[in-house]
Amino acid sequence: MSRPSNPQLIDLRSDTVTRPTSAMREAMMAAEVGDDVFGDDPTVNSLEERLASLTGKEAALLLPTGTQSNLVALLAHCGRGDEYIVGQKYHTYLYEAGGGAVLGSIQPQPLPVQPDGTLSLSDIGDAIKPEDSHFARSRLLALENTHSGKVMPEAFLRDASELAWSRGLAVHLDGARLFNAAVATDTPVDRLAGYADTVSLCCSKGLGAPLGSVLVGPASLIGEARRWRKMVGGGMRQAGIVAAAIHHALDHHVDRLADDHRRAERLAGGLEAMEAVESVSVNTNMVYVDVGAAEVGDRLKEALKAEDILIAGGRHIRLVTHLDLDDAAIDRVVDRIRAHLNA
Ligand SMILES: *Cc1c(COP(=O)(O)O)cnc(C)c1O
């Protein structure tokens, strides 16, 4: 019942590709539900309470996607003519179709992302505008943990949030993969969430739920976000079936993220040994492999596709481990990549 249409398929394109397990589907089937727009869905309510408490925040809000979660966070923090400071490779700037600007008239102030995924503190300090009618009002610092699999060092999170707060800005953390960061560094999630006012968590990535993101933060901001969620069409009705999947994921799929990280290391180790590979890097559940030229990556992608292995092409190939991959799948991928790159 929970099998993909092709059970042989090995999909390394993203950790969003996982299918709900049979046990997760049973939990969804058994979920008590109500109308969540009326606040009547007990499973959504208990999930929101659970994630607020787990992250040390007052309140939480279930949304269909991480993009909508980040969007309503921007809209709750910033008004028309306000500005958010953000990494120019962060999701909230680059991969959300410009939603903050289009729908909120919020000006992004993008900054270069450092090799470790952080921003430079002096860049942030310099980007905060003084109170002056020439400038947009700097309102928010938006961070991302993990970024391309990289765990933001806790010292950076502390210094960046202190800087933002001391200058009157709020902090939003795109924690789509915050559980990966917490498991990889053995740090409690509430400590990592404590460096931001609001945090967005994705449940359809490493946690393996079919959909759903949760925004956590102070009750006042979450109340605002709830209003924006309705406006952008994210008010869902019997959403308890989704919340039940996420409850199940929190019960069973958090500690096992360590397996994804171990498998990413195993995959990287296998790739590093290949002569045709220029370089390999691995962070949490993501492996980046440089195959020297885009055509090499594109050819590899097509050759693997014929063998039911899906990867992205290009020169710098991102390979992502997740719940639907076991050790045998990783070994098969290493073996097939070796065969094709040596051919
Ligand atoms: C996946 C992701 C999101 C949200 O994406 P959706 O596909 O809209 O759920 C947000 N931020 C980061 C860093 C992500 O990787």
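The values are calculated or read from the model by the stated rules, or taken from the named source; none is laboratory data. These numbers were taken from a predicted model, which means no experiment stands behind them. Here Cβ is always computed from backbone atoms with ideal geometry, including for glycine, and neighbour counts include all displayed protein chains. Areas reflect the complete protein model, heavy atoms only, side chains present, ligands, DNA and RNA absent. Shrake-Rupley method; radii C 1.70, N 1.55, O 1.52, S 1.80 Å.
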**Asked** Could you give the semi-axes, largest first, of the ellipsoid that matches region 146-206, computed as the square roots of 5 times the alpha carbon gyration tensor eigenvalues and rounded to whole Å?
**Response** 20, 12, 9
**Prompt:** Quick one: which of 142-148, 179-185 comes out on top by average Cβ neighbours within 10 Å, and what's the full order, highest first?
**Reply:** 142-148, 179-185
**Item:** Whole-Hz couplings from phi, Karplus 6.51/-1.76/1.60, listed for region 108-117; x for Gly and Pro
**Value:** x, 10, x, 10, x, 8, 6, x, 8, x
**Request:** Can you tell me the alpha carbon radius of gyration of the chain divided by the globular rule-of-thumb value 2.2 N^0.38 Å?
**Result:** 1.02
**Message:** Please list, ordered by chain and number, the residues whose modelled amide H lies under 5 Å from the amide H of residue 111; skip anything fewer than 5 residues away on the same chain.
**Reply:** 86, 87, 88
**Heavy-atom accessible surface of region 31-252: percent carbon and sulfur, 1.4 Å** = 51 percent
**Request:** Give the peptides 77-88, 294-305 in descending order of average Cβ contacts within 10 Å, highest first.
**Result:** 77-88, 294-305
**Prompt:** Taking only Cα atoms, what is the 0 to 90° angle, nearest 10, from helix 66-77's long axis to the longest principal axis of the chain?
**Reply:** 20 degrees
**Asked** For region 124-228, what is the largest minus smallest coordinate of the Cα atoms on each principal axis, given in angstrom and ordered from greatest to least?
**Response** 47, 34, 22
**Prompt:** Arranged from highest to lowest average of other beta-carbon atoms within 10 Å per residue, in what order do the peptides 278-285, 152-159 appear?
**Reply:** 278-285, 152-159
**Asked** At residue 6 and residue 37, where each label point lies 7 Å from the Cα along Cα→Cβ, what is the point-to-point distance in nanometres?
**Response** 4.0 nm
**Complete:** Once both label points are put 7 Å beyond Cα along the C-beta direction, the residue 135-residue 186 separation in nm becomes 4.3 nm
**Rounded accessible area per residue of the chain, 1.4 Å, Å²** = 43 Å²
**Request:** Show that you can apply the helix-only estimate: for the chain, add -39,500 (n - 2.57) for every DSSP H stretch of four or more residues, divide by all residues, and state [θ] at 222 nm to the nearest 500.
**Result:** -13000 deg cm²/dmol
**Selected from 292, 206, 98 as most flexible by GNM, with the chain as the system and alpha-carbon contacts under 10 Å** = 292
